[in-house]
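Report on the structure given below.
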Amino acid sequence: MSNPFRRLVGLLAPPPLLTGVVVSTDGSTSVVTLLSGGSLRVRGTASVGATVYHQGGAIQGLAPSLSGVDIEV
């Protein structure tokens, strides 16, 4: 028989993978500015100014630094 709580947690979606730019770091955590303009303190470090992927409050890795394009329809 399986654990009902584990089955319920298995139905939930994982946290989204987001991108942001590292503003500051203190050795174990970093402050990341989100594309929406907000800021977030996450676990992990990267160079200041680097674009990173973060998920669930932790840096997952470096992201490519690409320019954005707005398309009107």
* To do: Return yes when V9 is over 16 Å from the mean Cα position of the chain (by Cα) and open to solvent by 100 Å² or more (accessible area, probe 1.4 Å) and no when it is not.
  => no
* Would you pick out the residues in the range 58-73 that are open to solvent by 30 Å² or more (accessible area, probe 1.4 Å) and at pLDDT 95 or above? -> I59, Q60, L62
* Residues within the range 32-50 that are part of a strand (DSSP E or B), open to solvent by 30 Å² or more (accessible area, probe 1.4 Å) and either modelled with pLDDT under 95 or of a type in the set (A, V, I, L, M) (or both), tallied -> 2
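The values are calculated or read from the model by the stated rules, or taken from the named source; none is laboratory data. Model, not experiment: these values are computed from the prediction. With ligands, DNA and RNA removed, areas are computed over all heavy atoms of the protein, side chains included. Shrake-Rupley method; radii C 1.70, N 1.55, O 1.52, S 1.80 Å.
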